1. Relative contact order (percent) for the chain, with alpha-carbon contacts under 8 angstrom and 6 or more residues of separation?
2. Angle, helix 3-19 long axis vs. longest principal axis of the chain, Cα atoms, 0 to 90°, nearest 10?
3. Go from 0 up to the bin containing the longest alpha carbon distance in the chain, width 10 Å each, and give me the % of pairs per bin.
4. Put +1 on the Cβ of every Lys and Arg and -1 on every Asp and Glu Cβ in the chain; which of Leu32, Leu43, Tyr62 then has its Cα farthest towards the positive end of the dipole?
5. What dipole magnitude, in Debye to the nearest 20, does the chain give about its Cα centre under +1 on Lys/Arg Cβ and -1 on Asp/Glu Cβ?
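Taken together, the values in this text are just the output of simple stated rules run on the coordinates, not laboratory data. What you see is a predicted model; the values in this text were computed from it and never measured. Heads up, the Cβs are rebuilt from the backbone with ideal geometry, glycines too, and the neighbour counts pull from every protein chain shown.
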Amino acid sequence: MTEAASIEQTVVNILSDVLHESVDDLNNHPVLAAYDWDSLSSLEALAQLESQLGITLDLRSYQAARRISDLVDLVRDASTTTAGQR
């Protein structure tokens, strides 16, 4: 599995856990507003993403994300930045 695929899978798994939705449902309907994506679930997902992946996400960009792919892109960017700082 490539690093990009691994990041995507991790993001989807975290969202699946936080939103109590199956991975298949999230992949088939990737718009976050289709689920209980409120401030609490958003912050819970943010905390898990940062903790599990060892990254820091820009809060404004994170809150602007509307689709799962938006979050995956943010995590990839943060992972690249973090890796470059090591």
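1. For the chain, the relative contact order is 33 percent.
2. Tilt relative to the chain: about 40 degrees.
3. Spelled out bin by bin, the chain gives 17, 57, 23, 3 percent.
4. Result: Tyr62.
5. Numbers: 5 positive and 14 negative charges, 66 e Å.
The dipole magnitude comes to about 320 debye.
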